[in-house]
Each structure stands twice: as C-alpha cells, then as structure tokens.
Amino acid sequence: MAGALLFAGSAIAVAGEHRLVIQFKQGANQAQAMSLQDQQGQLQSRLDVLAKAHKRTMRMVRPFANNGVVARVSDDDLPSLLNRIQSDPDVVAVAEDRRVHLTAQSPLVGLLNGLDFSRRSRSWYHQDLSAQPASINSAALWTRFHGSSPSIIAVLDTGVLPDHPMLQGHLLPGYDMIADPLIGADNQGTGANSRDNDPTDPGDGVSLTDLAADPACSGLSNSSWHGTFVAGLLAGNPIASEGVFSVNWSASIVPVRVLGKCGGFSSDLADGIRWAAGLPVAGAPTNPFPAKVINLSLGSQGACVSSIEGAAVTAARNAGALVVVAAGNDGSAVDSPANCPGAFAVAALDQEGLKANYSNFGSVVQMAAPGGDAAYPIWSASNTGVYGPLTNTYNSKIGTSFAAPMVAGAAAMYWSLNPSASVATVESALKATARPFITAAGVATCSAANNGSACNCNGTACGAGMLDVSALINTVAAGGLTNLFSNTGSVIPPGGTRTFLSSGSTNATGQEVNSVAYTIANVVRASGSTASPTLSSSGLSTDITAPVGVLGFDLTASAPGGRSSTLSVTVADSGATSPTLLASLLSPLLNGAAGLDSPAVSGTGSGTGGSVGESGGSGGTSGGGGGGALSLGGLCAMGLLMRRLRQSGLGKTP
C-alpha cells in the first residue's frame, strides 16, 4: 500500500532485549518533506550507525514521532544501556517503552447489592447530595439542563463495541493505534503493522496461549470491555430500564484503541494522544474530529517519561485539548501519564466520600470523583463475552478508570456552553466549583502512612475537591439555557424518526420556558431530488423524520429570551463506527465553526429544512467544542463530496 509504514514484526521481547524509544537529533535534510518509506529508511540507517558505535544489536520496530524509533536493543543491564545510548551525540532522548495497563479493578463487586436492597441503586453517583454526599450532583443539574451542542471527547482505551445500545448515536470515526499484531489481536492492519481505522474492541481476554506468547501478560483474564464501559459512562444513552446513566449524553465520542491483550505500549499511547488532538502521526490519516477532551483511564507505574507520553500530553494541551487521566489504583503514588505536567489527574472516591482504598493520591491530583467500592460500584455498558464479544449487557466495576470520565464528561458539558474557553479556563472552572471534601470521624487523613487504605481527602492528597457538575454548569448558565438532546443519540436511521427534547430550558432570567422554536438548516442530500426532513413540534419536543437520501442536517432550538443550541444530526444506520460519509464535514459543526450569517430555514411546528444551496442557519457559537452551524468552507466540501459520491455510485438514492 502506498504510504504505508513497514513495521518489523511483533515487538514481543526475546531474552536479553529491551524495548526502547530512541529520539535522534534533527538531521540536516529532515526539514525537507519525504515519504514515509524514505523517513523509515533514514531512521534505520541512523539506528544502524548507533548500533555499530555501541556494539549492540538494535532492531527497529517502527518509527516514532518526527525523529525517533521504537527499537529492540540487546543488553542485560537496562540502566547502563540507557546511560550509554543517552551519551551518544546523535541522541536527544532515550527511554524504555513501558507497558500501559487499565486502571480498573475487578473484584466481586455488587455482592452486597444482592443482599441489601438499599444498596441496589446503580446510579448512586448521580443522586441528590442529601441522599449521596459523594455524588457528582448531576440530579440537581438534570432538573433543568440535559444537554446542548455536543463537544467531542476522545476515549483512548481498548476500543468500543459499536453495536452496544448505550453508544448508538454517539460514536464518531476513530482509529486503532496498536502497532503490534500480538497485542492488537484483531487480525487487521497491514503485515506486521496492526494499525487501522477500526477501533472496534475484539476482546482483551488472556488465554493460556496468550500467556505463552507474551511474557508481559500477568495471568489469565476475561475480556474487560473497558473502553465500552468508559465510553458509556462518559457519553452513553441513558438506559432507564437498567438504571444506567452517563455523565454527558449529548457528547460525541472518538474511540482510539491503544490497549489490547495485556495492555499496550507507551509509544502507541503517545501517538494516540497526538492523533486524538488532531496532530499528525506518521502513517495515520489526520483525525477529522479533534477532541476538546481526551480521557485516559489507563496508566503505567513510575514517573512521567517527558520524551514519550509527557511530550504528547503537552502537545495535545497546546492544541487546545484537556487531557483527563486516572490517577491509578495502587493506593500510593500517582501513575504516569497522570503525573505528567499538563495532565488533569483524577483520584477516586468511594460512596462515603473517602478516598477509595485503591486510589492513588498526591500533590499532582487535580480533583476527585466517584470511582466506587465493592458495595457501591460504578455501572455502565459491557458484554458477556469471555474472549470475543457475545451479548451486550451492563455490569459494574470500580477504579480511578471511572472517576476520570466523570470529570471528562463534565468538562465537555462546560465547553458546550462556553466553546471559546481555553483549557486553563475549563480547568479553573472545574476546580473552583468543586465541593469541599467530606471528613469522616475516626478516619485518618490521607498520607504515605496509610497507603492502600480509605482515608479523608485533603488538598494535598486529592486536589481541589469533589466534582460538582451542577455547580460547574451554573457558572455558564447566565443568560438562559437551551437544552437540545435525544435520549437515543443524534444519529437517525435512514427513513427513521427520532424525538429531540428541550425540557428544562430557561430564559435570560432563569425561568423555565414551556416551548422553544425548532429549525432545520444545512440539509445534506445524496441527490437533489431527495425530500427534506420533516419536523412535528409541540412545546419542548420535536419528532424529526429523515427521508432516505438525507445524510445530515443542523437542528436548532431557540428559547424565548434565551440561548440557541444547535445539534448536528447524522443520518446513518446505527451501530457503525467506521468513517461515515460526513466524517470530515461534520467536524466543524461539532467543534464549533463559525456559523453562516443568513437566517435559518423553517420555523416552529411542522416544516421542512433547507437544503445545501438554500439559506443556511446560524444559532451556533464560534470556537472549539461548541456546535455552531456549518461554515461556508464546509458547505463547499459537502458539495464536492456529493459530486464524488454520485460519480462513484455511492450517493445514489436507493
């Protein structure tokens, strides 16, 4: 394949080898553009020179970043090897390519739930503070605010199950960043390069065969479906029949697979962070949906490696993304990349508001959120499959893995209302609105003396306080709130109907309104003869039917004397996570491109929306993460895409 990277086989170590990330100084001719093959050849030559100079066998696994390689190097003494290579005049940095693992615990949680009916609530962390003092206080928020224009959240994890009901209408095209086929275990990719554009989770269960093949595997295990669990908790559809609710069900998810069987490598994680933020990664297409929030429910013990994950976190932050990271589950010092400068580290609370006994803690933690305990776990989406996927279901887990997405979901919600906010502004708002920690009588304050124990949090151990979603949103609620959401996501199947709601919307004085005006604009059709979407509105709800041949449109709700909220709706078969027809076109909609100046087409009640070429609609807000109307450049791109689709036959109406 033209432009493909040629990787050097599975990166599982042989005896006496270490997997390193070596970054060279920029060469004299590296400022010039070169093909991927030429870049790889140049890096291989530099590695050969390095190997000869230090009398070591060095096998290149793959290129890394701009001037680096992931390589296998033979030596029995790792510290001495690192010092030796670092001393070379052609090397900027060298570090071990550490294994990264999930930050979730899997005890027999929920056992007490079956014995004590008072503990059977699966959504305790959403309840009122009067009932659950450690709650994120979203119940108070939901009485008036349920969602606005969606922000994009990248979930770097094990991948997702795209057909899970909780994720329908929320998945954007993602990427599988796992390079090693043995870890990826999905039989995809090209040759020894397992990377591809399908972030579906094939399962990370470890069998006896896996144990024999990879020494880094610590033992037998069932598939975790961890990425699906995190994505569902973060931005899944509410499943009232199961008592399972997400933090921000208006958000959109970009899944990036960086963990497979027995974890993953920090070099893949670093590439995944960059890609999620919209930054270039050699051999991968540019992410059309740069994330405003990147969630990392994973970690590796030890200090942050500044040249690998540390550099990636800094680059993502500079690109405008908040990187939210689980603190880790060792009950002691915070793991990497949560301890990297610029990362927003989150510790876990148990149901009583104490630092959970498993949660890491320390001065780098920014705040705390519920991670659950054995009696009161966290519930979200899962699957019954032991190795591969079988039946979609819901189950419970505990860990800092699930405290982090609560903060990430809240940050994305804030950004949807204040899309021009900087990363620093969002961080400050999260911390300024946090509630004070609970102090339980007879319980020690967290310190190194009580590692691995539940303890009373303070600012030194657990950051600014406990996440309070309602207080956070109140800081941007002035001027009214216009809700616009669907309990089943913002994807309508062709020919289908979906209900969108605006309940809880308020005017500029904070009073609830009993009706809003709904309009449709920027309709994208496969052909000019396709009918427009129809809407039937009453009060605070509208039913929208999308005829076959409609590919997408903007829906705007406007409250009297309040704000407008614009939602970009995609028309596609549910369950697909591969790139959609609108992948590169809906990015400015979801990330808040400047809206058109002309008024929106159609008004309240029953009506039809305007097509491309008709008057477009404003009502969104400019800036990242907000969900403004499609820009003129986007409309031009849509026109080009429709032309190509018709030429290829893909754009014909059935």
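The values are calculated or read from the model by the stated rules, or taken from the named source; none is laboratory data. On a predicted model such as this, the values are computed, not experimentally measured, just so you know. Virtual Cβ from ideal backbone geometry, glycine too; neighbours counted across all protein chains shown. Areas reflect the complete protein model, heavy atoms only, side chains present, ligands, DNA and RNA absent. Shrake-Rupley method; radii C 1.70, N 1.55, O 1.52, S 1.80 Å.
Results, tabulated for the structure shown:
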| read-out | value |
| --- | --- |
| Filter result for GLY510 (open to solvent by 10 Å² or more (accessible area, probe 1.4 Å), modelled with pLDDT under 80, at positive phi and over 30 Å from the mean Cα position of the chain (by Cα)) | yes |
| Answer from THR566, THR497 - the residue that is under 30 Å from ASP163 (Cβ atoms), among the polar types (S, T, N, Q) and in contact with a Gly (Cβ under 9 Å, 6 or more places away or on another chain) | THR566 |
| Residue in region 546-563 that is acidic (Asp, Glu), at negative phi, open to solvent by 10 Å² or more (accessible area, probe 1.4 Å) and in contact (Cβ under 8 Å) with a residue 24 or more places away in the chain present | no |
| All positions within region 411-425 that are surrounded by fewer than 22 Cβ atoms within 10 Å (Cβ to Cβ) and closer than 15 Å to ILE294 by Cα | SER422, ALA424 |
| Residue count for region 74-95, restricted to those that are surrounded by 16 or more Cβ atoms within 10 Å (Cβ to Cβ), in a helix (DSSP H, G or I) and not hydrophobic (A, V, I, L, M, F, W, C) | 1 |
| Pick from region 401-423, criterion out of contact with any Lys or Arg (no Cβ under 9 Å at 6 or more places or on another chain), assigned to a helix (DSSP H, G or I) and of a type in the set (A, V, I, L, M), ranking: modelled with the lowest pLDDT | MET413 |
| Any hit, region 482-499, residues being assigned to a strand (DSSP E or B), open to solvent by less than 30 Å² (accessible area, probe 1.4 Å), in contact with a strand residue (DSSP E or B) (Cβ under 9 Å, 6 or more places away or on another chain) and under 30 Å from ALA134 (Cα atoms) | yes |
| Residue in region 351-363 that is charged (D, E, K, R), touching a residue at least 60 places away in the same chain (Cβ under 8 Å) and assigned to a loop (DSSP other than H, G, I, E, B) present | yes |
| Residues within region 282-300 that are in contact (Cβ under 8 Å) with a residue 40 or more places away in the chain and part of a loop (DSSP other than H, G, I, E, B), tallied | 11 |
| Region 31-55, residues that are open to solvent by 70 Å² or more (accessible area, probe 1.4 Å) and of a type in the set (Lys, Arg) | LYS52, LYS55 |
| Residue tally, condition closer than 28 Å to PRO285 by Cβ, polar (S, T, N, Q) and either assigned to a helix (DSSP H, G or I) or in contact with a helix residue (DSSP H, G or I) (Cβ under 7 Å, 6 or more places away or on another chain) (or both), over region 24-73 | 6 |
| Matching residues, region 152-161, being more than 18 Å from PHE245 (Cα to Cα) and part of a loop (DSSP other than H, G, I, E, B) | THR158, GLY159 |
| Given (1) charged (D, E, K, R); (2) within 24 Å of the chain's Cα centre (by Cα); (3) buried (at least 18 other Cβ atoms within 10 Å of the Cβ), index of the condition ARG435 fails | (2) |
| Any helices (runs of 4 or more DSSP H) falling wholly within region 176-274 and containing at least 3 residues that are open to solvent by less than 20 Å² (accessible area, probe 1.4 Å) | 226-235 |
| Residue, modelled with the lowest pLDDT, within region 438-452, restricted to residues that are loosely packed, with under 15 Cβ neighbours inside 10 Å and not aliphatic (A, V, I, L, M) | GLY452 |
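Conditions (1) open to solvent by less than 30 Å² (accessible area, probe 1.4 Å); (2) within 29 Å of SER396 (Cα to Cα), marked per residue:
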residue	(1), (2)
LEU298	yes, yes
GLY302	no, yes
GLY310	yes, no
GLU352	no, yes
SER359	yes, yes
